[in-house]
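Note sheet for the following structure.
The values are calculated or read from the model by the stated rules, or taken from the named source; none is laboratory data. Everything numeric here is computed off the predicted structure, so don't read it as measured data. Every residue, glycine among them, receives a Cβ derived from its backbone with ideal geometry; neighbour counts consider all protein chains shown.
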Amino acid sequence: MIKLRGHHIFCLLGYRGMGYSAEYTANMTKIHDVLRERPDTLIQIIKGPDSLCAKFPTGQPYHCEDDGIYERDSVILHKLGLKVSDVLPWREVERRIRLHVVPDDIVVVCETCSWRSYGYCQEGVEDMLELRGLREVLHDK
């Protein structure tokens with residue numbers, strides 16, 4: 001089971017293989033690939049640092065406990081009709097995104113996110129709405 005906090009649901013939609021460090025990126029790619037290839041994988045919604053935060057690099061400002069991040073988690077969970085401790089398959093998260101999220105939600109909900117300017121998360125929402133699922137992340141071979 002993969003433990004996810006609210007805002008990382010949106011991060012996974014826009015993930016394109018970039019991250020805070022090689023270890024963080026490898027971990028996020030692994031989780032992203034599992035959800036993309038096996039959408040029946042169970043996730044558990046948690047409060048605070050999750051399976052992605054676990055590989056946040058030392059020596060960088062640790063924002064995983066910032067009040068603004070908790071607020072973003074809360075807004076996204078509310079929008080999706082989820083709560084902390086829920087366990088559900090990723091496929092159900094995708095269904096809720098299609099029902100309750102539009103690309104411009106990223107602009108508002110993720111206003112202060114440093115990754116937002118790339119536009120990938122909005123594209124990820126569009127992919128969900130068009131039933132394309134998570135995009136494949138190209139791996140260096």
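Residues considered: Arg96, Arg116, Arg36. Of these, the only one that is buried (at least 16 other Cβ atoms within 10 Å of the Cβ), at pLDDT below 95 and under 22 Å from Leu129 (Cα atoms) is Arg116. Among the conditions (1) modelled with pLDDT under 95; (2) in contact with an Asp or Glu (Cβ under 6 Å, 6 or more places away or on another chain), the only one that Arg5 does not satisfy is (1).
Restricted to region 49-81, and to residues there that are among the aromatic types (Phe, Trp, Tyr) and either loosely packed, with under 15 Cβ neighbours inside 10 Å or under 18 Å from Tyr24 (Cβ atoms) (or both), the residue that is modelled with the highest pLDDT is Phe56. Please go through region 99-113 and give me each residue that is assigned to a helix (DSSP H, G or I) and either crowded, with 18+ Cβ neighbours inside 10 Å or basic (Lys, Arg) (or both), ordered by number. Correct list: Asp105, Ile106, Val109. Listed by position, the helices (runs of 4 or more DSSP H) inside region 1-98 whose residues that are without any contact (Cβ under 8 Å) to a residue 12 or more places away in the chain number at least 3 are 22-37, 67-80.
Mind telling me which of the residues Leu52, Leu80 ends up being out of contact with any Lys or Arg (no Cβ under 6 Å at 6 or more places or on another chain) and at negative phi? Write out each step before concluding.
Working: Leu80 fails: out of contact with any Lys or Arg (no Cβ under 6 Å at 6 or more places or on another chain).
The match here is Leu52.
Of the residues Val109, Val102, Val34, Val93, which single one is closer than 20 Å to Asp127 by Cβ and more than 14 Å from the chain's Cα centre (by Cα)?
On the way: Val109 fails: more than 14 Å from the chain's Cα centre (by Cα); Val34 fails: more than 14 Å from the chain's Cα centre (by Cα); Val93 fails: more than 14 Å from the chain's Cα centre (by Cα).
Of the residues listed, the single one that is closer than 20 Å to Asp127 by Cβ and more than 14 Å from the chain's Cα centre (by Cα) is Val102.
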